[in-house]
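Peer 1: Shown below is the structure under consideration.
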Amino acid sequence: MSMDRRTMMKVSAVALGGAALGMDNAAEAARFRRTTTVSKGENALKVYPNEFFYDKDGNFLQEKARQAFYEMFEYYNYPTSDFLSENVWFVDFGLGDFANCGMGGIFWLNREDFRYFGHDIYLLPGQMIAEHRHVKTDYPAKMESWQVRYGTVYNWSEGEETVPAISAPAESQKEFVHCKNCELLKVGDIRHLGELEKWHFLQAGPEGTIVTEYANYHDGAGLRFSNPKAKL
């Protein structure tokens, strides 16, 4: 995945918050992934297959990602602006599975001087963020909180295994995932990272999600992925 220096600096500072889907169990989640649209009244949110986001050589297509996310913004009447258009970013973590493991986001601010951060996380239906954690560097390890603004999201974290399973990680990520505790969050719900430096990730429900993250300043050097192939 090729990025210019400006984009790389933004993405390396990402406040990655803790996909399968809004179903009662993993089998239902897998079944949902085969559907093509999500309905909301008279509108429909199209769910794209993974190949939609790549060219014939396997290169990630940023404009296809933009198209899919802007369709979700319209679906939710999420306000857009010139600032968002100029600063929004999309990443597949170099894994080639954007429909299932990827994200979009916008850094509203990341103040190194006063050490605070504001970020909106965008996830398409069923999409998960690659599992990760934030470690201490020259700055404290990042503590983060998440507020669900639109849609639903599964908050995955280390801890007691959720039985019965209410979701399942993307098939391509299962062997790398440490998190076994999963909680469904709805609009207005707020959760916090339970403990510094713990593995976590977020995973969208069936209508995608937009989540606002609040955190202390994030130094990208402290970001660690559980999948050794994942990168920004």
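A short reminder: the numbers here are calculations on the coordinates, not readings from a lab. For clarity, every value in this text was computed on a predicted model and none was experimentally measured. All Cβ positions, even for glycine, are placed from backbone atoms using ideal geometry, and neighbour counts span all protein chains on display.
Peer 1: With θ set to phi - 60° and the Karplus curve 6.51 cos²θ - 1.76 cosθ + 1.60, what are the ³J(HN,Hα) couplings of the range 123-134 in order, to the nearest whole Hz, using x for Gly and Pro?
Peer 2: 10, 6, x, x, 7, 10, 7, 4, 4, 7, 8, 10
Peer 1: Could you list which residues have their amide H under 5 Å from that of THR162, counting only those 5 or more apart in sequence or on another chain, with H placed in the peptide plane?
Peer 2: Result for THR162 returns ASN181, CYS182.
Peer 1: Would you list which lysines come within 18 Å of LYS136, measuring only between C-alpha atoms, while excluding same-chain residues fewer than 8 positions from it?
Peer 2: By straight Cα distance, LYS136 reaches LYS198.
Peer 1: Show me, for the range 181-190, the HN-Hα J-couplings you get by feeding each phi into the Karplus relation (A = 6.51, B = -1.76, C = 1.60, θ = phi - 60°), rounded to Hz, glycine and proline as x.
Peer 2: 9, 9, 10, 7, 10, 10, 3, x, 5, 10
Peer 1: Across the range 63-77, in residue order, what do the Karplus-derived ³J(HN,Hα) couplings come to in whole Hz, using 6.51 cos²θ - 1.76 cosθ + 1.60 with θ = phi - 60° and x for Gly and Pro?
Peer 2: 5, 5, 4, 4, 4, 5, 6, 5, 5, 5, 4, 5, 4, 9, 6
Peer 1: If I take R0 = 30 Å and measure r between the Cβ atoms of GLU171 and ARG115 in this structure, what FRET efficiency does the formula 1/(1 + (r/R0)^6) give, to the nearest 0.05?
Peer 2: FRET efficiency, GLU171 to ARG115: 0.20.
Peer 1: Turning to a different aspect of this structure: Report the FRET efficiency, 1/(1 + (r/R0)^6), for ARG66 and GLU195, where r is their Cβ-Cβ distance and R0 is 22 Å, rounded to 0.05.
Peer 2: 0.05
Peer 1: Which far-off residues, 5 or more places away or on another chain, put their amide H under 5 Å from the one on GLU144, with H placed in the peptide plane?
Peer 2: For GLU144, the qualifying residues are LEU193.
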